[in-house]
Amino acid sequence: MKQEFSLNDEVIMKKPHACKYNLWTITRIGADVKIKCNNCGREIMMDRLEFYKKLKKVIKREKKEN
């Protein structure tokens with residue numbers, strides 16, 4: 001699978017969190033992906049395949065510095 005996101009990107013998930021907010025920030029990328037809710041600060045970790053299934057849209061990409 002092609003990686004369309006990077007660290008500190010903001011993403012919108014298909015289903016909202018329990019706090020009724022679906023905007024998240026990616027805080028860790030590896031075999032698992034860790035995301036943090038931008039509303040309540042709760043962090044969850046899921047495997048990469050599950051993350052791809054639940055991902056709706058990447059809305060912000062962090063600029064890479066050379």
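Each reported figure results from applying straightforward, stated rules to the coordinates on display, with no laboratory input. Computed from a prediction, not measured in an experiment: that's the story for all the values here. Heads up, the Cβs are rebuilt from the backbone with ideal geometry, glycines too, and the neighbour counts pull from every protein chain shown.
Exposed loop positions in the chain were taken to be trypsin sites (Lys or Arg not before Pro) whose DSSP state is not H, G, I, E or B and which have at most 11 other beta-carbon atoms within 10 angstrom. Between these positions, the longest stretch is 21-62. Secondary-structure-derived ellipticity at 222 nm for the chain, considering helices only, amounts to -2500 deg cm²/dmol, per-run term -39500 (n - 2.57) for DSSP H runs with n ≥ 4.
Per-residue Karplus couplings for the range 32-40, computed as 6.51 cos²θ - 1.76 cosθ + 1.60 with θ equal to phi - 60°, are listed in order as 10, 10, 10, 10, 10, 5, 6, 8, 9 Hz, Gly and Pro entered as x.
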